[in-house]
C-alpha cells in the first residue's frame with residue numbers, strides 16, 4: 001500500500017507565478033505536476049527542451065534557480081526558491 005506524501009507543502013516562484021510544491025521533491029516533478037514541461041529552448045533551433053533522463057546526465061532540464069543555472073532533476077524544492085525558465089541558457 002502506498003503511503004501519502006507527508007512532506008510539507010511550500011511555495012516557490014516560477015517565472016513570477018507562485019506555485020505549491022512538496023518540500024524536498026525534485027523540481028522537475030513539481031513543475032510537471034503543474035503542466036510546465038518546457039524548461040528552456042535549444043540555442044540553435046529554438047525548439048522546446050524539457051526533462052529527459054531525470055538523473056543528471058543530459059542537462060536538458062537546466063534552468064535558473066535563485067539566479068544560478070541548475071539541473072531541475074537534481075534540485076530539491078525548498079521554500080521560497082525562485083525559478084526562471086529563460087529562453088536559451
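Worth pointing out:
- Just one of the listed residues (7, 22) is modelled with pLDDT of 95 or more and out of contact with any helix residue (DSSP H, G or I) (no Cβ under 6 Å at 6 or more places or on another chain), and it is 22.
- Pairs with Cβ under 6 Å, 6+ apart, first in region 1-27 and on the phi > 0 side of the Ramachandran plot, second in a strand (DSSP E or B): 24/76
- Those residues of region 61-78 which are under 20 Å from residue 35 (Cα atoms) and either touching a helix residue (DSSP H, G or I) at 6+ places or on another chain (Cβ under 9 Å) or loosely packed, with under 13 Cβ neighbours inside 10 Å (or both), in sequence order: 61, 62, 63, 65, 70, 71, 72, 73, 74, 75, 76, 77
- Residues of region 1-27 that turn out to be out of contact with any strand residue (DSSP E or B) (no Cβ under 9 Å at 6 or more places or on another chain) and assigned to a strand (DSSP E or B), as a count: 1
- Flag if residue 30 is touching a residue at least 40 places away in the same chain (Cβ under 8 Å), within 22 Å of residue 9 (Cβ to Cβ), part of a loop (DSSP other than H, G, I, E, B) and touching a strand residue (DSSP E or B) at 6+ places or on another chain (Cβ under 6 Å): no
- Scanning region 40-77 for residues that are closer than 16 Å to residue 21 by Cβ, in a loop (DSSP other than H, G, I, E, B) and in contact with a strand residue (DSSP E or B) (Cβ under 7 Å, 6 or more places away or on another chain) turns up 61, 66, 75, 77.
The values are calculated or read from the model by the stated rules, or taken from the named source; none is laboratory data. All values derive from a computational prediction rather than experimental measurement. So basically every Cβ, Gly included, is an ideal-geometry build from the backbone, and we count neighbours across all protein chains shown.
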